[in-house]
1. For q values of 0.18, 0.26 Å⁻¹, compute log₁₀ I(q)/I(0) with the Debye formula on a Cα-only model of the chain, without solvent.
2. Using +1 at the Cβ of each Lys and Arg and -1 at the Cβ of each Asp and Glu in segment 1-79, identify which of LEU22, MET1, TRP48 lies farthest towards the dipole's positive end.
3. Leaving out ligands, DNA and RNA, what percent of the accessible area of the chain is carbon and sulfur, probe 1.4 Å?
4. With a 1.4 Å probe and all protein chains left in place, how much accessible area per residue does the chain have, in Å²?
5. Using helices alone, I'd like the mean residue ellipticity at 222 nm for the chain: each DSSP H run of four-plus residues gives -39500 (n - 2.57), total over residue count, nearest 500.
6. How much accessible area does GLU76 have with a 1.4 Å probe, in Å² rounded to the nearest 10?
7. Give the lysines whose C-alpha is closer than 17 Å to that of LYS50, dropping any in the same chain fewer than 8 places away, or say none.
8. Roughly how big is the chain's charge dipole about its Cα centre, with Cβ charges of +1 (Lys, Arg) and -1 (Asp, Glu), in debye to the nearest 20?
Amino acid sequence: MISKATKAYLMRHWYRSELIPLYVTTVAAVGVCGYFSARALKSPDVVWNKRENPYPWLDVQQNENTKMLDPAGRFEKQWTRTRL
C-alpha cells in the first residue's frame, strides 16, 4: 500500500523515539477534548431544535442527575436526551 520510498521518508523524518511521547500526549489530549465536547453538547443547557424542543431543561425531573458524577449519591436516575 505504501511505497518503499514513502515508508523510508516517514521513518527517517517522523519516527523518532524522542517524539513518541509527544505523539501519544497529543492524541490523548485530542481524544479527551472530543469526549468532553460531545458530552457537553448532550447537556440540557444546549438547544438544538428551537421549534420542537425550545426548553430541554424543563424535561429534567426532580430526581434525575444531569452531571457526570454524583459523589453524594442523591439521585436515582441519570438524565439522558431523548430528542433533539
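The values are calculated or read from the model by the stated rules, or taken from the named source; none is laboratory data. On a predicted model such as this, the values are computed, not experimentally measured, just so you know. Methodologically, a virtual Cβ is constructed for each residue, glycine included, from the backbone with ideal geometry; neighbour enumeration extends over all protein chains shown. Note: accessible area is taken over every heavy atom of the protein model, side chains too, but ligands, DNA and RNA are not part of it. Shrake-Rupley method; radii C 1.70, N 1.55, O 1.52, S 1.80 Å.
1. The Cα Debye sum returns log10 ratios of -0.87, -1.18.
2. MET1
3. Values: 4700 of 7540 Å².
Percent of accessible area from carbon and sulfur atoms in the chain: 62.
4. The answer is 90 Å² per residue.
5. It comes out at -12500 deg cm²/dmol, rounded to the nearest 500.
6. Result for GLU76: roughly 140 Å² accessible.
7. LYS42
8. Numbers: 13 positive and 7 negative charges, 97 e Å.
Roughly 460 debye for the chain.
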